[in-house]
Amino acid sequence: MNYKNGKFLIKFGAVFMVFLTINACKNAENSNNKAESVEEKQEVAISENLKWSERMMLSEIKRFPEASKLDFTDAPRWSYTNGLVLTAAKRVYEQTNKQEYYDYIYAYADTMITSEGDIRTYDLKKQNLDMIKSGDVLLYLYPKTKEERFLTALKALRSQLESQPRTADGGFWHKERYTQQMWLDGLYMAEPFYAHYTKMFDEEDTARKAYDDIVHQFDLIQEHTLDAKTGLLYHGWDSSKEQKWADKETGTSPNFWSRAMGWYGMAIVDVLDYLPKEHSGRDKLIEYLNQYAEAVTKVQDEETGLWYQVLDQGDRDGNYLEATGSSMFAYAFAKGANKGYLDKKYKDVAQKAYDGLIDNLIKVEDDGTVNLTQCCAVAGLGGDPYRDASYEYYINEEIRSNDPKGTGPFIMASLELNR
C-alpha cells in the first residue's frame with residue numbers, strides 16, 4: 001500500500017467513526033425521548049376524563065393496593081372501613097363492568113376468609129358491631145362464587161347478632177366493652193347486613209321477626225337520642241346513665257357529631273333496599289329519614305354547602321368543615337331523593353354539598369390521584385384514654401386526608417349524583 005492510499009484510508013476511517021458516533025447519539029436521544037414519553041404517560045395514572053366516582057376509586061386502589069390494608073394498616077385486617085370502601089367499589093363495578101374493581105373486592109375476601117371459612121383477625125367474643133360491616137362484601141360475593149367458605153363466614157357474622165348484648169328494651173350494645181350503650185354508628189355497621197342477610201337466606205317467619213328487630217333498633221335510637229328542639233340526634237345513649245359523658249336524666253351524650261349523624265342517614269337509605277315494601281316499619285323509616293333531612297339541612301353551611309364537625313356550632317372557635325360527614329349527607333340525601341323517599345329538593349341539597357366538597361376539600365395531584373382532605377380520623381365515646389364527647393374532644397381529634405370513612409361515601413355520593 002502506498003502512502004496516498006494509506007492516508008485516504010485513515011481519513012475514511014475517521015469520518016466513518018464520526019458517523020457512527022453521531023448515529024449512536026441520535027439513537028440514544030430517540031430512546032430517551034421514548035422513555036420520557038412513556039414516563040409522562042405513566043405519570044398521569046388517573047385520567048381527569050373519568051367520573052369522580054372512578055377517579056376516587058382508582059385513587060384508593062393506588063393508595064391501598066391490598067384492600068385488606070385499607071385505613072392505613074400495615075397488616076391485613078377485618079374491619080368496617082374495608083366493608084365501606086368495598087361497598088363503594090361494588091357499585092363502581094356495577095356501573096362500569098371493569099374487572100379490576102371486582103378483583104379488588106374479591107381479593108379482600110380471598111385474603112381474609114380461610115379455606116375453612118374462618119375470618120382472620122375477627123373475634124366473636126368482643127361482640128363488636130363494627131365487625132359486621134365487612135359482611136356486606138361476602139353477601140355480594142357468595143351468590144356469584146358459591147364458595148362455601150364465604151357462606152360459613154356469613155353464618156358466623158349472623159350468629160353474632162344472636163349473641164350480641166342488648167339494653168333492657170332490646171337495643172344492640174355497640175360493643176361488649178361499651179356496656180349498655182347504643183351509638184348511631186352501630187346502625188350502619190349492623191342493620192344493612194342484617195336486612196340483606198335476612199332477605200337472602202331467611203324463611204318467612206324468621207324473616208318477619210328479623211325485620212321487626214331491625215326497625216326496632218331505629219325506633220330506639222329515635223326514642224333515646226333525638227333532640228326535640230333541633231331534630232338532630234346525639235352521638236350515643238347510655239341506658240344505665242353511668243358513663244361520664246351521659247346526661248344523668250336522658251343518658252345521651254352532649255353533642256351532635258357530624259359523622260355519627262352521617263352513619264345514621266346512610267343506615268336508613270341502605271336498609272330500605274332490603275326491607276319489604278309491605279313491612280309496617282318501612283313507612284316509619286321513611287318518616288324518620290324525612291325528619292332527619294329537614295334537621296340536617298338547617299345546619300348546612302350556606303356558603304360552602306358543607307357541614308361542621310360539631311353540626312350546630314359552626315361559629316365556635318376550632319370547629320371546621322368536615323369531609324366524612326359531608327360526604328355521608330350528600331350520599332344519603334341523593335339516594336333518598338333518587339329512590340323517592342325524600343322530596344326532590346334534597347337532591348339539590350346533595351348537589352350543593354357535593355360541589356362544596358369538590359371546590360373546597362378535593363385536591364388532585366399531578367398524576368391524577370384524588371385526595372379528600374379535612375377528614376376526622378376517628379371519634380368515639382368512653383374507652384381508654386377516655387373520650388368525654390365534649391365539644392373540645394370532637395374538634396381536637398386527628399384530622400387527616402383520605403380517611404376511608406370519607407372516600408367511601410364520596411364515591412357513593414358521586415354515583416348517586418352521576419358525577
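Coordinate-derived values only; no laboratory data. Here the structure is a predicted model, which is why all the values come from computation and not from measurement. Please note: Cβ atoms are built from the backbone with ideal geometry, for glycine as well, and neighbour counts cover all protein chains shown.
Points to keep in mind about this one:
- Which listed pairs, of LYS248/LYS298; LYS175/LYS241; LYS62/LYS98; LYS277/LYS339; LYS98/LYS144; LYS90/LYS133, have C-alpha distances above 18 Å, in listed order: LYS248/LYS298
- Fluctuation leader among ALA75, ALA389, ALA379 - the chain, Gaussian network, Cα springs under 10 angstrom: ALA75
- Estimated from helical segments only, the mean residue ellipticity of the chain at 222 nm is -18500 deg cm²/dmol, where each DSSP H run of four or more residues counts as -39500 (n - 2.57).
- Summarising the amide proton neighbourhood of THR252: residues at separation of 5 or more, or on other chains, whose placed amide H is nearer than 5 Å comprise ASP238, ASP247.
- Residues in region 195-205 carry Karplus couplings, in order, of 5, 5, 4, 4, 5, 7, 10, 7, 6, 4, 5 Hz; the curve used is 6.51 cos²θ - 1.76 cosθ + 1.60 with θ = phi - 60°, and Gly or Pro positions show x.
- Label zone at PHE201, where the point sits 7 Å out along the Cα-to-Cβ direction: region 124-141 residues whose backbone N lies under 15 Å: 132-141
- Here the simple spin-label model places points 7 Å from the Cα toward Cβ, and for ASP301 and SER47 these points are separated by 3.4 nm.
- Most mobile of THR373, THR114, THR225 in a GNM of the chain (Cα contacts under 10 Å): THR114
- Tensor-based shape of region 224-377 (alpha-carbon gyration tensor, a/c under 1.5 rounded, otherwise prolate or oblate): oblate
- The separation of region 262-300 from region 185-245, counted between C-alpha centres, amounts to 12 Å.
- Most mobile of THR252, THR179, THR96 in a GNM of the chain (Cα contacts under 10 Å): THR96
- Protection proxy ranking of 410-419, 135-144, by the mean of other Cβ atoms within 10 Å over each peptide's residues and highest first, is 410-419, 135-144.
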